[in-house]
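Remarks on the structure that follows.
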Amino acid sequence: MNAEATIDPTVHHRRWVILGVLCLSLVLVVLGNSTLNIALPTFQRDLDATTAQLQWIVDGYALVFGGLLLTAGAVGDRFGRKGALQIGLALFGLASLAGTVSTQPEHLIAARAAMGVGAALVMPATLSILSNVFPASERGKAIGIWAAFAGVGGAIGPIVGGWLLEHFWWGSLFFMNVVVVVVALLLGIVLLPTSRDPHQTRLDPVGALLSIMALGGLLFGIIEGPERGWADPVTVAAFVVAVVVGSAFVWWELRTEFPMLPMRLFRERGFSVGSSSITLAFFAMFGMFFLFTQYLQFVRGYSPLEAGVRTLPMAAGLMISAPNSDRLAQRFGAHRIVGSGLLVVSLGLVGLSFLDTSTPYWAIGFILFGLGLGMGGAMAPSTGSIMASMPLSKAGVGSAVNDTSREVGGAIGVAVLGSVLSALYGSNFDAHAPAGAPPEVLEVARESVGGALGIAARIGEPAAPSRRRLGPPSPIPWA
C-alpha cells in the first residue's frame, strides 16, 4: 500500500502547516533552556545565585525533562499524542508563570523543574506526530526541518533573552513562554491530528523512577564535586548511586515485559550510533553555550543582547545544513554525514579554546558558523536513524529516546564544563587571592565570576572588562 494512502487525506494536505505548529511547540521547549544561558550573570547579580545554583537552574529543567521523556513518550503513544502535547504545553505555561514571580534561586529551580515536566510531554509528541503525518518519502526532509528548528531554538535563545533583559526584567524570559504557549495551544486544537499506538501496552513506572535516580545522582556528583571536593562522602555517594541505580535500570529493562526503553534496540547500529551522536552533539552545544555566554559578557564586556546577537552565525549554519542533511545522507550515506558533522563540531570547539579578549569577532563568527554547519549535519540524520529503527506505532518512544539523548548530553555538558570552570576558577583564585582582603569578601569573590566582578565594581574597578586581558584569577579557562 502507498505510504500516502495510510494517512488521512485532510491531514496529508495540511502536513506542512502541521509541521509549523509542531516546530513552534518545539522551539518553545528549546528556548526554555537557551534563553536562560544569557541570563546567568543577571541571576548572579539579582538573586545572589552561586555557580552551583546557576547550574541547577539549567540542569534542574534538563534533569526532570530527560528523566521523564521516555515515560512521557510512552504515555503519548498509549493515550494520544495530541493530548500529551496540549497538556504539556499547559503545564509548561503555568510553570513559566510561576517562574516570573520567583524571588530566590531555590524558587526558580523549582519552577524550572516543573517546566521540565511539561516539556517532557511536549517534545516527544512533536516528533511522533511528525512521523505519523509525513509519508516515508518526505519524512527525512521533515525531520531535517524539525532538527533545524531544534538547533536554531538553542542558537537564537541568547538573542531573545538578551533583548528581553535589556528592555524588561528577567521574569520576562518566562512570561514570553506563556504568550507562546497560548498561541501554540490554540493552533494545536484546530490543526493537529490525533494518533496513538493501536496496541495498548502498560507503562513502566519502575523504569522511569530508576532512570531519574541514576541521572540525578550522576549530575549531583558532577555539579557538587568542585564545591565539596571529589573525595567528599556526599560526592562519592552520588556517583555510587548513579552506578548502582543505573545498573538496576538496565537489569529491569531487560527483564520487564513492557520496558520503557527496550535495551535490545541498542544492538541495532542505526539506533545506537544515532543516539550516541545526538548525545555527543548536545554535550558540546549546551556545554559550549553555558561557558560562551559568560565569556562574551564577563570577558568581552558585551551586554546580554550584544552577546546574543553575536551567536547568530551558529543559527545561520544550522539553518543551512540541517534541512539539507537528509538529501546529503541519501547520496553519501548517513554515517559519513554524521561523522563529518561531528568532526566539524570538534574542530570548532578546538578553535574556541584559543579565544581571548584580543580575538577579532570575525574569527569567532567563523568558528560559530562552522559549529552550526556541523551540528546541523549531525543532528538530522542521527534523528532519522533513531526513528527509522522504531515502528510508527512506537514513534513516541523513538522520539523520546532521541530527545533523552539530547537532554542527557546537554545536561551532562553543562554539568561537566560548569564543574571544570568552577574548579579552574577556584584554584586560580586561591593562587592569586589578594593578601589582607576581608575573608567574607574573598568568600563571595571565590564563589563565582559574577560575585568577583560585583565586588570589583563596588571598589571602583570596572564590573565588565572590555577588550583587555584580565589579570588572575582568570574567570574563564581560555581567557
Computed E for Glu106/Glu166 - FRET, C-beta separation, R0 41 angstrom, nearest 0.05: 0.95
Listed with the fewest Cβ neighbours within 10 Å leading, Leu54, Leu97 appear as Leu97, Leu54
Under the Karplus relation with 6.51, -1.76 and 1.60 and θ = phi - 60°, whole-Hz ³J(HN,Hα) for the range 205-213, x at Gly and Pro, equal x, 5, x, 4, 5, 5, 5, 5, 5
Just to verify a number: FRET efficiency for Leu94 and Ala231, C-beta to C-beta distance, R0 = 41 Å, to 0.05? 0.45
Contour minus end-to-end for Val243 and Leu349, with contour as 0.36 nm per residue of separation and end-to-end as the Cα-Cα distance? 35.2 nm
Could you grab the relative contact order for the range 109-257? Cα pairs under 8 Å, six or more apart, rounded to a whole percent. 16 percent
Work out from phi, with θ = phi - 60° and the Karplus expression 6.51 cos²θ - 1.76 cosθ + 1.60, the ³J(HN,Hα) of each residue of the range 303-308, listed in order in whole Hz, and give x for Gly and Pro. 6, x, 5, 4, 5, x
If you find the alpha carbon centre of the range 315-341 and of the range 104-130, how far apart are they in angstrom? 29 Å
Anisotropy class of the range 279-400 from Cα gyration tensor, a/c 1.5 cut: prolate
1/(1 + (r/R0)^6) with r = Cβ-Cβ of His13 and Val183, R0 = 22 Å, i.e. FRET efficiency to nearest 0.05, evaluates to 0.45
Nitroxide proxy distance, nm - points 7 Å out along Cα→Cβ at Leu209 and Phe79: 1.9 nm
Tabulate in residue order the Karplus-calculated ³J(HN,Hα) for the range 334-342, using 6.51 cos²θ - 1.76 cosθ + 1.60 with θ = phi - 60°, rounded to whole Hz; enter x for Gly and Pro. 4, 5, 6, 5, 5, x, 5, x, 5
Using just the C-alpha positions of the range 136-291 as equal point scatterers, what log10 of I(q)/I(0) does the Debye formula give at each q in 0.15 1/Å? -1.31
Please rank Arg336, Arg78, fewest neighbouring Cβ atoms within 10 Å first, as an exposure proxy. Arg336, Arg78
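A short reminder: the numbers here are calculations on the coordinates, not readings from a lab. The structure displayed is predicted, hence computed values, not measured ones. Positions of Cβ are backbone-derived with ideal geometry, glycine not excepted, and every protein chain shown enters the neighbour counts.
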